[in-house]
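The values are calculated or read from the model by the stated rules, or taken from the named source; none is laboratory data. Please read these numbers as outputs of a predicted model, since none were measured by experiment. Don't worry about glycine lacking a Cβ; one is built from the backbone with ideal geometry, like all the others, and counts go over all protein chains shown. With ligands, DNA and RNA removed, areas are computed over all heavy atoms of the protein, side chains included. Shrake-Rupley method; radii C 1.70, N 1.55, O 1.52, S 1.80 Å.
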Amino acid sequence: MPLLLDKTPWLAWLLCSTLICVHADAETQVRRLMQRDTLTREEALQRIGAQMTAERRLQLVHHVVENNKGLPELKAAVDALCARMFPIGKQPT
């Protein structure tokens with residue numbers, strides 16, 4: 001989804017009725033990218049710098065799921081969003 005939003009935001013809005021961004025703060029992004037792709041800090045910052053800014057991305061989406069902690073916290077945040085979006089007894093349209 002980030003690439004669709006980064007390259008063609010109008011298309012993301014056209015194709016998707018709801019846009020959700022899983023967001024981590026800048027330092028967490030850099031640390032995870034360095035670990036995952038064995039990049040230097042400078043390389044990670046350059047890669048992040050080539051993308052749409054987080055501020056702009058957050059302006060374009062309907063919901064944000066924070067992902068600064070571990071998987072249990074991410075799962076809880078996703079579950080909470082799903083509960084808000086699809087309350088029990090209400091069918092999604």
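Taking each residue of the range 59-85 that is touching a residue at least 40 places away in the same chain (Cβ under 8 Å) and open to solvent by less than 40 Å² (accessible area, probe 1.4 Å) and looking for partners that are in a strand (DSSP E or B) and of a type in the set (Asp, Glu) with beta-carbon atoms closer than 9 Å, six or more apart or interchain, yields Leu74/Glu66.
Among the residues of the range 45-67, which ones are of a type outside the set (A, V, I, L, M, F, W, C) and farther than 11 Å from Val22 by Cα? Within the range 45-67, Gln46, Arg47, Gly49, Gln51, Thr53, Glu55, Arg56, Gln59, His62 qualify. Residues in the range 22-34 that are within 15 Å of Thr53 (Cβ to Cβ), open to solvent by 50 Å² or more (accessible area, probe 1.4 Å) and of a type outside the set (Gly, Ala, Ser): Asp25, Gln29. Whether a residue is touching a residue at least 24 places away in the same chain (Cβ under 8 Å), of a type in the set (A, V, I, L, M) and either surrounded by 12 or more Cβ atoms within 10 Å (Cβ to Cβ) or in contact with a Phe, Trp or Tyr (Cβ under 8 Å, 6 or more places away or on another chain) (or both) was assessed, and Leu39 does not pass this test. Per the listing Leu19, Leu11, the residue uniquely over 14 Å from the mean Cα position of the chain (by Cα) and open to solvent by less than 100 Å² (accessible area, probe 1.4 Å) is Leu11.
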